[in-house]
């Protein structure tokens, strides 16, 4: 019996398998498969699946966050547009009000100016009358003065002509 | 004459390893057994470390393991099985790493032997895949599974006479052998290729005569070491992808 095994183990044919080597390779491979499938492979697989699911979850969350951000952005844009419209409306209103005010003020200023003009026109007339009156009084005074000087200068006929000329010139210079 | 002194070891010497424990018994534990055990525990260790870290932002081992699981999910399961295949992720990921590590021992110092270059490793894996996809097919489609897998729809009946035997042969007979032999052959060839250039470099180095020639075999050895690392990953990927395709076919049937 031992001889048969010995004969097998000492097989020199390089192609044919030897029994003890088959036994050990089967033991090794079976051991590997049992331990790998039962204990060694599942943790690795679990770690990989855990990572896959975590990445998927993270991507989903990121997607959701992006959608939320887009929604909020749209909301803000709408609010901004609303504010712009409101600002435009307020500006327009202010412009209108200011226009009304301007016209109002202008009208009042014109009225005041007209009133002032009218008042000043009256004052001018009275002033002119006053001046004329004063002038007339002065003229009368002057006329008397001239008459006095003419009488006084009766002796020199030629001189009176000169005097008259002189006074007439003075009056002319005083006239407005 | 000295050139002829290059002594290539007999093939049994570079493939059959002496038992480390239990010598002479049916469970003789040799280098191949050690490599498959290390491949299994390295895979488990990676997943345990990654599972214990379980950080939200993966770094280090967790990052590597998660990227690998993602790779198996996206490049293998999603393409070959559709979304339904996700439940097969632990099996396919484990299969991928077990084969990858078993292959990579081809270039790891002091081991320098891909466990998959011994038929004892790819054969049970292929048989396991064979049983798995047939069981899944029967569970999913009942006995119609056999009809659905060997009778393609929309083919004229006279063609079926030729096609059915071919389909039976390719699906239920050739598949497990092709799966096992593809992996075994590639890794054995790589191992022997590396060995050849190592022996050549060593012989030239020791004899001294070929020192001028040394850079060439040594450069080849270096380049091939890199290439074999690529092959190790590629074969693990092919084995896992084909497994996913077979199970995916059994899941879908011809109705979907």
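Taken together, the values in this text are just the output of simple stated rules run on the coordinates, not laboratory data. Given the structure is predicted, the values throughout are model-derived calculations rather than measurements. Cβ: placed from backbone, ideal geometry, glycine included. Neighbour counts: every protein chain shown.
Which value, in nm² and rounded to one decimal, describes the direction-averaged projected area of the C-alpha convex hull of the range B:144-256?
9.7
Report the Stokes-Einstein translational diffusion coefficient (µm² s⁻¹, integer) for chain B, Rh taken as the Kirkwood radius over Cα pairs, at 10 °C with viscosity 1.306 mPa s.
It comes out at roughly 76 µm²/s.
Would you tell me the mean number of C-beta atoms belonging to other protein chains that fall within 10 Å of each C-beta in B:87-93, as a whole number?
For this peptide, the per-residue mean of nearby foreign Cβ atoms is 3.
Write down the radius of gyration of chain A and its Dmax, each obtained from C-alpha positions, in Å.
65.1, 200
Based on the Cβ-Cβ distance from residue A:79 to residue A:53, what FRET efficiency comes out when R0 is 35 Å, to the nearest 0.05?
So the FRET efficiency works out to roughly 0.35.
With r defined as the distance between the Cβ atoms of residue B:222 and residue B:52 and R0 fixed at 56 Å, what FRET efficiency is calculated, to the nearest 0.05?
With R0 = 56 Å, the Cβ-Cβ based efficiency is 0.90.
Please arrange B:227, B:246 by how many other C-beta atoms lie within 10 Å of their C-beta, fewest to most.
Listed from fewest to most nearby Cβ atoms, that is B:227, B:246.
Hey, can you rank A:85-94, B:102-111, B:76-85 by average C-beta count inside 10 Å, highest first?
Numbers: A:85-94: 10.0, B:102-111: 19.2, B:76-85: 17.5.
Highest to lowest by the protection proxy: B:102-111, B:76-85, A:85-94.
So what's the gap between the Cα centers of the range A:34-62 and the range B:68-84, to the nearest angstrom?
Spelled out, the Cα-based centre of one part sits 16 Å from the other.
Taking chain B as a Gaussian network, Cα atoms linked when under 10 Å apart, which of B:199, B:65, B:155 shows the biggest mean-square fluctuation?
Maximum fluctuation in the GNM of chain B, among the listed residues, is at B:155.
Mind checking the angle between helix B:60-71 and chain B's longest principal axis? C-alpha axes, 0 to 90 degrees, to the nearest 10.
50
Let me know the shape class of the range B:111-170, please: from the alpha-carbon gyration tensor, a ≥ b ≥ c as square roots of the eigenvalues, rounded when a/c is under 1.5, otherwise prolate if a/b is greater than b/c, or oblate.
oblate
Return the FRET efficiency for the residue pair residue A:115, residue A:170: r is the Cβ-Cβ distance, R0 is 51 Å, and the value is rounded to the nearest 0.05. Before the final figure, lay out the partial values.
On the way: r = 40 Å, r/R0 = 0.79.
The value I calculate is 0.80.
Return the distance in nm (one decimal) between the two label points of a simple spin-label model at residue B:13 and residue B:160, each offset 7 Å from Cα along Cα→Cβ.
Roughly 5.9 nm, to one decimal.
Which distance in nm do the two modelled labels at residue A:163 and residue B:79 give, with both placed 7 Å along the Cα-to-Cβ direction?
So the two model labels end up 14.8 nm from each other.
Go ahead and set up a Gaussian network model of chain A, Cα springs under 10 Å, then flag whichever of A:126, A:25, A:98 fluctuates most.
Maximum among the listed residues: A:25.
Going by C-beta contacts inside 10 Å, put B:230, B:47 in order with the fewest on the left.
Ordered by Cβ neighbours within 10 Å, fewest first: B:230, B:47.
If I fit a long axis through the Cα atoms of helix A:157-174 and take the longest principal axis of the Cα atoms of chain A, what angle between them do I get, 0 to 90°, rounded to 10?
For helix A:157-174, the angle is close to 20 degrees.
Pairing the Cα long axis of helix A:19-35 with the longest principal axis of chain A, what angle in degrees results, from 0 to 90 and rounded to the nearest 10?
30
Could you work out the relative contact order of the range B:69-252? I mean the mean sequence separation of Cα pairs under 8 Å and 6+ apart, divided by the number of residues, in percent.
Here the relative contact order equals 36 percent.
Taking neighbour counts of Cβ atoms within 10 Å as a proxy for exposure, in what order, fewest first, do A:36, B:160, B:194 appear?
Fewest-to-most Cβ neighbours within 10 Å comes out as B:160, B:194, A:36.
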